[in-house]
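The values are calculated or read from the model by the stated rules, or taken from the named source; none is laboratory data. Values in this document were obtained by computation on a predicted structure and should not be read as measured data. Because the Cβ atoms are built from the backbone with ideal geometry, glycine has one as well, and the counts that use them run over all protein chains shown. Remember, those area values only see protein heavy atoms, side chains included, never the ligands or the DNA or RNA. Shrake-Rupley method; radii C 1.70, N 1.55, O 1.52, S 1.80 Å.
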Amino acid sequence: MNATRRTGVVLPIAIGAVGGLGWAASMRGMMAQLAGFESEFHWLGTFGFILVPGTIMGALFGWAFARRIAGRRRRAAWLTLAPFVMLADPATLPLLAAFIGAGFLFSDRSRPWVRRLAGVSSFVFLAAVPIGAAFVIGVTTPHGAWLTIQLATLIWIPALAEILLQHRRDDDHPAVDPVPTASLTGVAGAPD
């Protein structure tokens, strides 16, 4: 592997890891705000179940983006399962599945009705969580409004990463040009 190719893979993974760590730390801060004074920080709970898995999730997203940019999407579909690294608490399973389902809506991996079923239900869930939290937290105070906005953005960051990863680009399946071009000869209409 040459240096340019290695940088093309390592740099997105490193950026993804830093982004994942920032996302996980922000998520932990939001959880502490929701819990209030009862919130406690522990090495295993904070680092082992939130910060380290968040960093790994970000690195896997970075790796998936590096593969996509390089045009190597084959055998990388498993990287879209990156949010499941955060599965330390089984109660988070619906949210993690909703991240992936939101991206699945924009993929071309299954029948359209299956994608719509998974994707629309994921979008409804991802919208309902912050709306429901707004009723519980209360958005009438600056603190409550800020906390609701923070929750909504933290929920949508992995979902948007999944949408970008799974979205089918036009250049993923290039069209075949039946008319010869003048790319080699410079003469219009000449065979290549």
| Residue that is open to solvent by 40 Å² or more (accessible area, probe 1.4 Å) and either assigned to a helix (DSSP H, G or I) or polar (S, T, N, Q) (or both), where the choices are 48, 19 | 19
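Would region 71-81 turn up any residue that is under 23 Å from residue 163 (Cα atoms), at pLDDT 90 or above and either open to solvent by less than 50 Å² (accessible area, probe 1.4 Å) or not in a helix (DSSP H, G or I) (or both)? Talk me through it step by step, then tell me what you get.
Initial filter on region 71-81 (under 23 Å from residue 163 (Cα atoms)): 71-81.
Retained after the next criterion (residues that are at pLDDT 90 or above): none.
Scanning region 71-81 turns up no residue that is under 23 Å from residue 163 (Cα atoms), at pLDDT 90 or above and either open to solvent by less than 50 Å² (accessible area, probe 1.4 Å) or not in a helix (DSSP H, G or I) (or both).
Considering only residues that are open to solvent by less than 70 Å² (accessible area, probe 1.4 Å) and either touching a Pro at 6+ places or on another chain (Cβ under 6 Å) or more than 19 Å from residue 152 (Cβ to Cβ) (or both), which ones fall in region 109-122? If you could, list the steps in order and put the result at the bottom.
Here is the first cut: in region 109-122, the ones open to solvent by less than 70 Å² (accessible area, probe 1.4 Å) are 110, 112, 114-115, 118-119, 121-122.
If the condition is that a residue be open to solvent by less than 70 Å² (accessible area, probe 1.4 Å) and either touching a Pro at 6+ places or on another chain (Cβ under 6 Å) or more than 19 Å from residue 152 (Cβ to Cβ) (or both), then 110, 112, 114, 115, 118 are the ones that fit.
Would you point out which residue out of 41, 106, 125, 37 is open to solvent by 40 Å² or more (accessible area, probe 1.4 Å), over 14 Å from residue 161 (Cβ atoms) and not in a helix (DSSP H, G or I)? If you could, list the steps in order and put the result at the bottom.
Values: 106 fails: over 14 Å from residue 161 (Cβ atoms); 125 fails: not in a helix (DSSP H, G or I); 37 fails: not in a helix (DSSP H, G or I).
So the residue among 41, 106, 125, 37 that is open to solvent by 40 Å² or more (accessible area, probe 1.4 Å), over 14 Å from residue 161 (Cβ atoms) and not in a helix (DSSP H, G or I) is 41.
Residues 36, 71: which one is among the small types (Gly, Ala, Ser) and closer than 23 Å to residue 153 by Cα?
Working: 71 fails: closer than 23 Å to residue 153 by Cα.
The conditions single out 36.
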| note | When region 131-174 is checked residue by residue, the ones that are open to solvent by less than 30 Å² (accessible area, probe 1.4 Å), of a type in the set (Val, Ile, Thr) and at pLDDT 90 or above are 148, 155
| said: Which count do you get for residues in region 24-73 that are in contact (Cβ under 8 Å) with a residue 60 or more places away in the chain and of a type in the set (Phe, Trp, Tyr)? | reply: 2
